[in-house]
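The structure appears right after this line, and notes come after that.
The values are calculated or read from the model by the stated rules, or taken from the named source; none is laboratory data. Only a predicted model underlies this, so the values are computations on that prediction, with no experimental measurement involved. Note that each Cβ is placed from the backbone with ideal geometry, even for glycine, and that neighbours are counted across all protein chains shown.
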Amino acid sequence: MNLFIDNKSGAPIYDQIYSQIKALIISGALSENDPLPSIRSLAKDLRISVVTTKRAYDELEREGFLYTVPAKGCFVAPKNTELLREEHLKQIENHLLEIRQLAAACGMSKQDIIQMLDLLDT
């Protein structure tokens, strides 16, 4: 698992780890019951604090993406289809907000956007 920490990003490091692992799980790059690197190992590899890595793992577990087995480590949780659906809906909403902003900058109406979508379906 290759994670990249961007120190120039405005996003907190724990959030960058959280987002990247979550994206790997949602995309299927990490499968159900796959082991994740230990908190200490990942912290060492990324040259960050163990506390930061633990915070990212805790957030992923709280949201149902990971589960922990004491003395064994963290693993990818079985896929919760409702949880995945919610994540995809959030992504769609974010893209739609971006589309709305871009369309407004171009002077496009809602109807123009709908027409573009219809053209893409054909």
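The table that follows gives values for the structure above.
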{"read-out": "Residue that is surrounded by the most Cβ atoms within 10 Å (Cβ to Cβ), among those in the stretch 7-49 that are assigned to a helix (DSSP H, G or I) and among the charged types (D, E, K, R)", "value": "Lys22"}
{"read-out": "Candidate set: the stretch 50-73, residues that are in a loop (DSSP other than H, G, I, E, B) and more than 21 Å from the chain's Cα centre (by Cα); chosen: the one surrounded by the most Cβ atoms within 10 Å (Cβ to Cβ)", "value": "Lys72"}
{"read-out": "Sole residue being under 19 Å from Met1 (Cβ atoms) and at pLDDT below 95, chosen from Ala103, Ala71, Ala77, Ala56", "value": "Ala77"}
{"read-out": "Matching option when the condition is farther than 30 Å from Glu32 by Cβ, among the polar types (S, T, N, Q) and exposed (fewer than 10 other Cβ atoms within 10 Å of the Cβ), among Gln111, Gln115", "value": "Gln111"}
{"read-out": "Positions within the stretch 74-92 being more than 26 Å from Pro37 (Cβ to Cβ), acidic (Asp, Glu) and surrounded by 10 or more Cβ atoms within 10 Å (Cβ to Cβ), in sequence order", "value": "Glu86"}
{"read-out": "Whichever residue in the stretch 14-38 is at pLDDT 95 or above and aliphatic (A, V, I, L, M) and, among such residues, is nearest to the chain's Cα centre (by Cα)", "value": "Ile21"}
